[in-house]
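Before any comments, here is the structure.
Just so it is clear, none of the values below were taken in a lab; they were calculated from the coordinates. Note that the coordinates shown come from a computational prediction; the quantities given were computed from them, not determined experimentally. Cβ: placed from backbone, ideal geometry, glycine included. Neighbour counts: every protein chain shown.
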Amino acid sequence: MSDENTENSQTVAAGQLRALIERIERLEEEKQTIADDIKDVYGEARGTGFDVKALRTLIRMRKKDSAERQEEEAILDLYMSAIGME
């Protein structure tokens, strides 16, 4: 490979790297904006009288399918029973 081809390859790789980094940076900014929006909604919920901890739990549970949720609840019930928290 000639020096010119190596130089061109390095220039292309540097350009691709720069483009990837800039995309990631933009996405990180968008992610922070969304996180701030979510925080605002939780603040609104709190201000309306809702229990934010319960809302977070519900949202986490809704991400799981029914079988996974039931299994988790059964294990939790078993553990609670084992330590006398019925």
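Calculated [222 nm] ellipticity per residue, helices only, for the chain: -30500 deg cm²/dmol; basis is -39500 (n - 2.57) per DSSP H run with n ≥ 4, divided by all residues, nearest 500. Simple spin-label estimate for V41 and N5 gives 5.4 nm between the two label positions (7 Å along the Cα-to-Cβ direction from each Cα).
When the Cα atoms of the chain are aligned to their principal axes, the ranges along those axes come out at 76, 35, 22 Å in descending order.
Segment A82..D51, full-extension length gain: 8.3 nm, with 0.36 nm per residue of separation and the alpha-carbon distance subtracted. Across the chain, the longest piece that holds none of the trypsin sites (Lys or Arg not before Pro) lying in DSSP loops with up to 12 other C-beta atoms within 10 Å covers 1-62. Helices in the chain that qualify as membrane-span-like (whole DSSP H runs, Cα extent of at least 20 Å along the helix axis, mean Kyte-Doolittle hydropathy of 0.5 or higher) do not occur. Loop-located chymotrypsin sites (Phe, Trp or Tyr not before Pro) across segment 35-86 with a Cβ neighbour count of 16 or fewer within 10 Å are F50, with loop assigned by DSSP.
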